[in-house]
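The values are calculated or read from the model by the stated rules, or taken from the named source; none is laboratory data. The model shown is predicted, which means the values in this text are computed figures rather than measured ones. All Cβ positions, even for glycine, are placed from backbone atoms using ideal geometry, and neighbour counts span all protein chains on display. When the accessible area is computed, the model is the full protein with side chains, heavy atoms only, and any ligands, DNA or RNA have been set aside. Shrake-Rupley method; radii C 1.70, N 1.55, O 1.52, S 1.80 Å.
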There are 2 protein chains.
Amino acid sequence: MCPVACMPQPETRDRILDAAEALFVEHGFEGTSMRVITRSAQANLAAVNYHFGSKDALIQAVFRRRLTALNEARLAALDQLEAQAGDAALKPSRIVFAFFGTALAMAADTEHGGATFMRLLSRTYNEPNAFVRQFLAEEYAEVMDRFLGALFRALPEVPRTEIMWRFHFMMGAMSFAMAGIESVHAMAGLPYEDEDPARLLPRLMSFLLGGLRAPLADLAETPRPMMFDVHDGIHGAG
Amino acid sequence: MCPVACMPQPETRDRILDAAEALFVEHGFEGTSMRVITRSAQANLAAVNYHFGSKDALIQAVFRRRLTALNEARLAALDQLEAQAGDAALKPSRIVFAFFGTALAMAADTEHGGATFMRLLSRTYNEPNAFVRQFLAEEYAEVMDRFLGALFRALPEVPRTEIMWRFHFMMGAMSFAMAGIESVHAMAGLPYEDEDPARLLPRLMSFLLGGLRAPLADLAETPRPMMFDVHDGIHGAG
DNA sequence: CACCATTTCAAACGCCTGTTTGAATCATAC
DNA sequence: GTATGATTCAAACAGGCGTTTGAAATGGTG
């Protein structure tokens, strides 16, 4: 029998989690077979089903291992903000920083695997797999609720729909930031120049806050003519 | 023999392309089998290999069918800008609009399948599958080169690396814009409210230009203390 | 009509998938 | 030493995968 004291888990479990995390980033969930995972983790094929029950449960475990900590850190940062502010209104930039700065702090942690995980997480936000999507939605529910609510209160004059969209846009920018600049270099046919990851946070924050503070779009002022030219161009070519 | 009465059903090739496009959006490339594609297209299983050669070739065909037109429209819009400007410098906002406005114009075209395709394209930008990634990079090479070059010339005082990063961030925001607001509603546990897609373009453009015009980040002014608090929080919890 | 290229079709191919099984191994407790 | 539960292991399972095959059906042309 194994008493609660023997928490030092057999390391097989963790080796599998590490291997799966790295392989999922590289080849996606469906593109990564259990045989590749277990071989990479130097474990037996049946070990995944023994320790986790199924491949889907393994995917959940990979996320839960780090996502719980990340979201708790986010909530803690928001708690601290609200405690400091007292009854005063929170600055939107502080709220944004509490959410995205926390994520980038984990992404900058290359030693404990946080960087790998954040690349996986950002790539998974729009995962086609329905099971993964619902799982992520549940994991994010509380954090989203708290941060959107804080932004609603901080920007009472801005329509809530507008705030949700801008938060969505910010998530997209962060997602691509996590993925790295390599794709831009590749698509532009440029050689890849290594970047200092420490510069990513200020770069992204500056961009995010610029977008958040941008004047609200006035539908009447949209430059329609060019829009329609382009539209016709697409139809003509297609 | 098929009399005139029987509907002029689109050719098998096109039915397969349409079915594959829609299914790829929903379940990804690896999650969509040839059997599901051909059944959905009401075609024989062997039809894909007959018409396209392989599943990979089908994926390429799905993209090429619309991506070529999209990128040609983008280049045409940039050509027009440069012709109008003559020797004068281009306004960065115009360049951004030529790139992203064109994409959103296609995304707004729900009747010809442009909307479906743009959702697929935006999700595929960070595809793990190496084959798809390289194919996309090649398809994008010329457009990326032209637009980045235009931005470099329009913003000579801004470091090129900074411009590339911001362009990357903008791509991320657009990618999530294409995916729709549903995920935010789902993650926040809110009911999904249908949105007017016509409002998406001004919303996104306002955000993108706000981000593009944001002051350049000053590394020295990064709010370090909070950053480290959060960082420690993550380590402590993990 | 026959001819011929194009397209469809059912069936099979070999390989890979996630999962299960039952025995072997290990570590600990009595 | 032996009993006990946890873990590993090789082997097999049923089923799905992309692809190939060769014959049947189709449609236009001389």
For B:Glu26, go 7 angstrom from Cα along the Cα-to-Cβ vector, then report the distances to that same point in the other copies in nm, smallest first. 3.2
What are the nm distances, shortest first, from A:Glu193 to its equivalents in the other copies, labels at 7 Å along Cα→Cβ? 4.5
Here D for the protein assembly as shown, in µm²/s, from Stokes-Einstein with a Kirkwood Rh over Cα pairs at 25 °C and 0.890 mPa s, works out to 103 µm²/s
Using only alpha carbon pairs under 8 Å that are at least six residues apart, calculate the relative contact order of chain A and give it in whole percent. 17 percent
Tell me, what are the semi-axes, in whole angstrom and largest first, of the equivalent ellipsoid of the range B:41-122 as set by the roots of 5 times the Cα gyration tensor eigenvalues? 35, 13, 9
Bin all alpha-carbon pair distances of the range A:56-180 at 5 Å intervals from 0 and give each bin's fraction as a whole percent. 2, 10, 19, 24, 20, 13, 7, 3, 1
For the range A:110-190 the GluC sites (Glu not before Pro) that pass both the DSSP coil test and the at-most-16 other-Cβ-within-10 Å test are A:Glu111, A:Glu157
Pick out, from A:Ile37, A:Gly101, A:Ala47, the residue whose Cα sits farthest towards the positive end of the charge dipole of chain A, with +1 on the Cβ of Lys and Arg and -1 on the Cβ of Asp and Glu. A:Ala47
Which whole number of Å³ per residue matches the convex hull of the alpha-carbon atoms in chain B? 198 Å³
Calculate the mean, over all residues of peptide A:72-83, of how many other protein chain Cβ atoms lie within 10 angstrom of the residue's Cβ. 3
In Å², rounded to a whole number, the accessible area per residue of the protein assembly as shown with probe 1.4 Å is 47 Å²
Whole angstrom only: what separates the Cα centroid of the range B:96-128 from the Cα centroid of the range B:146-187? 14 Å
Provide a list, ordered by number, of residues in the range A:104-118 showing at least 40 Å² less accessible area with every protein chain present than when their chain is taken on its own, using a 1.4 Å probe. A:Ala105
If I compute solvent accessible area with a 1.4 Å probe over the protein chains, what percent of it on chain B is carbon and sulfur? 53 percent
Taking the convex hull of the Cα atoms, report for the range A:107-172 its projected area averaged over all directions, in nm². 5.4 nm²
Kindly provide the helix-only [θ] at 222 nm of the protein assembly as shown, computed as the sum of -39,500 (n - 2.57) over DSSP H runs of four or more divided by all residues, to the nearest 500 deg cm²/dmol? -21500 deg cm²/dmol
Give the average, rounded to an integer, of partner chain Cβ atoms located within 10 angstrom of each Cβ in A:198-206. 6
